[in-house]
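The values are calculated or read from the model by the stated rules, or taken from the named source; none is laboratory data. All figures in this text were calculated on a predicted structure; none of them were measured in a lab. Note: ideal-geometry Cβ built from the backbone for every residue, glycine included; neighbour counts use all protein chains shown. When the accessible area is computed, the model is the full protein with side chains, heavy atoms only, and any ligands, DNA or RNA have been set aside. Shrake-Rupley method; radii C 1.70, N 1.55, O 1.52, S 1.80 Å.
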Amino acid sequence: GVESADTEVLKKLRKPIKIDKVRKVAGWCAARGIKTHATITFGLEADTPETMQKTLDFCCSLSVDSIQFSTTTPFPGTEHYRNAKADGHIDDSDWQKFDGARSSVLKFASMTPEYVENFTMRAPSVWLRSRVKDPAWLARQTKYFARGARDQGIPGLARRVGRGYRLFF
């Protein structure tokens, strides 16, 4: 649950994480073969196009194996919803948009809900393109795939070679 790489956005969210520590832990896990997954939320209260780009850039440099990008959805009954409603920053006229994934229901001074939605939709391909250029990430994914194939009883698909795995098709 990284959510954002911007310290001001994290403060507003009251999320007490340190971005440098996230990077260190992800690197430590990658070096030890521990599979990691990060979750990122775009369109948070203090987000701007710049903070969202900063977060995406951070994600592209992070040694995680998988990542999930979502658009923030302040659900009724939460403090986030009450604050957004009181400030007039929420459009709750279409409840189908409260999907917790891709639709943005918040109004921002610096961007439209459509901008947030498009940014969120584009983020996975940007992240994946950055990862496939990283030989260490590719090697880890091959190892995880081979381990999964072996665990599923698919014989001969992968063999251990040295410290890693080699796929045989």
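Observations, loosely collected:
- Considering only V2, S61, A101, and ranking their Cα positions along the charge dipole of the chain that arises from unit charges at the beta-carbon of Lys, Arg, Asp and Glu, the one farthest toward the positive end is S61.
- Kirkwood hydrodynamic radius over Cα pairs of region 14-111, then Stokes diffusion coefficient at 4 °C and 1.567 mPa s, in µm²/s: 86 µm²/s
- Inter-label distance, nm, simple model (7 Å from Cα along the C-beta direction), S66/T112: 3.4 nm
- In this structure the chain gives 58 Å² per residue of accessible area when probed at 1.4 Å with all protein chains present.
- Karplus-derived HN-Hα couplings along region 91-99 (A = 6.51, B = -1.76, C = 1.60, θ = phi - 60°), whole Hz, x at Gly and Pro: 10, 9, 7, 10, 5, 5, 6, 7, 9
- Gaussian network model of the chain, springs between alpha carbon atoms under 10 Å - residue of L138, L44, L106 with greatest fluctuation: L138
- Kyte-Doolittle mean at least 0.0 and Cα axial length at least 15 Å: DSSP H helices in the chain: 19-31
- Adding -39500 (n - 2.57) for every DSSP H run of four residues or longer, then dividing by how many residues the chain holds, sets the calculated 222 nm ellipticity at -14500 deg cm²/dmol.
- Measuring nothing but protein heavy atoms, the accessible surface of the chain at 1.4 Å probe radius is 55 percent carbon and sulfur.
- For region 2-62, the alpha-carbon radius of gyration amounts to 1.13 times the rule-of-thumb value 2.2 N^0.38 Å expected for a compact globular protein.
- Under a model in which nothing but the beta-carbon of Lys, Arg (+1) and Asp, Glu (-1) is charged, the chain shows a dipole of about 1460 debye around its Cα centre.
- All Cα pairs of the chain, percent lying beyond 28 Å: 34 percent
- P(r) histogram, all alpha-carbon pairs of region 65-160 included - 10 Å bins from 0, percent: 14, 30, 21, 18, 14, 4, 0
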